[in-house]
Amino acid sequence: MSIEVIAEFRNSGDQFVKIAKSISSEKLHKSPQNEDWSLANIIHHMADSEAHFYIRYLRILTENVPTTEFFDENVYPELLQYEKRDVHASIALIESIRASSVSLFNNFSDEDWQRKGFTSEGKEFVLIALIKKGRSHITEHANQLSATLLAI
């Protein structure tokens, strides 16, 4: 099972990066509607999300059943000035974190996959579920990138 999870995780990241790299600079800051995130915002969001996921993986591996915090994605674009950030740096960050994550996962023991953490709401989860959530999250945003590209 772990080989499949790792492959799916790697492939989902590769797909997102492929789409992100295909976006022309003219389209990066466009969105279908004013309240929707631009393509650049989606990419920056994924870079920030990948950083958060990676820290959660590390904490679960190195701490005894830690509580992991989730972030308010709605404040990031303004407070972290997404409109001024370098999209290529965010894509590179996604690639780097994904590669580091896969390297980490490849060295897991059977017990590592089952290590546990708690959400800030007190719900227990196993590490493999968090990894699958990271895979699903980037897949959802790859689909969002594709849909936004078609809509602009």
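A few remarks follow.
- Links that overshoot a 21 Å alpha carbon limit, given the list Lys27/Lys84; Lys30/Lys132; Lys30/Lys133: Lys30/Lys132; Lys30/Lys133
- Largest to smallest principal axis extent of the C-alpha atoms in the chain, angstrom: 47, 30, 22
- Within the range 82-152, the GluC sites (Glu not before Pro) that combine a DSSP coil assignment with at most 15 other C-beta atoms in a 10 angstrom radius are Glu121.
- Based on C-alpha pairs under 8 angstrom that are at least 6 apart in sequence, the chain has a relative contact order of 40 percent.
- Here the Karplus curve 6.51 cos²θ - 1.76 cosθ + 1.60, taken at θ = phi - 60°, turns the phi angles of the range 63-73 into couplings of 10, 7, 6, x, 8, 9, 9, 9, 10, 8, 5 Hz, with x standing for Gly and Pro.
- The charge dipole of the range 2-151, taken about its Cα centre with unit charges on the Cβ atoms of Lys, Arg (+1), Asp and Glu (-1) only, comes to about 300 debye.
- Comparing Phe125, Phe16, Phe53 in a Gaussian network model of the chain, where Cα atoms under 10 Å apart are tied by springs, the biggest mean-square fluctuation is seen for Phe125.
- In range of the label at Thr67: residues from the range 113-132 whose backbone nitrogen is under 16 Å from the point 7 Å along Cα→Cβ: 117-125
- Rounded to 10°, Cα long-axis angle of helix 39-62 versus longest principal axis of the chain: 10 degrees
Here, each number is a calculation from the coordinates, and none is a lab measurement. Since the model is a prediction, treat every value here as computed from it, not as a measurement. Positions of Cβ are backbone-derived with ideal geometry, glycine not excepted, and every protein chain shown enters the neighbour counts.
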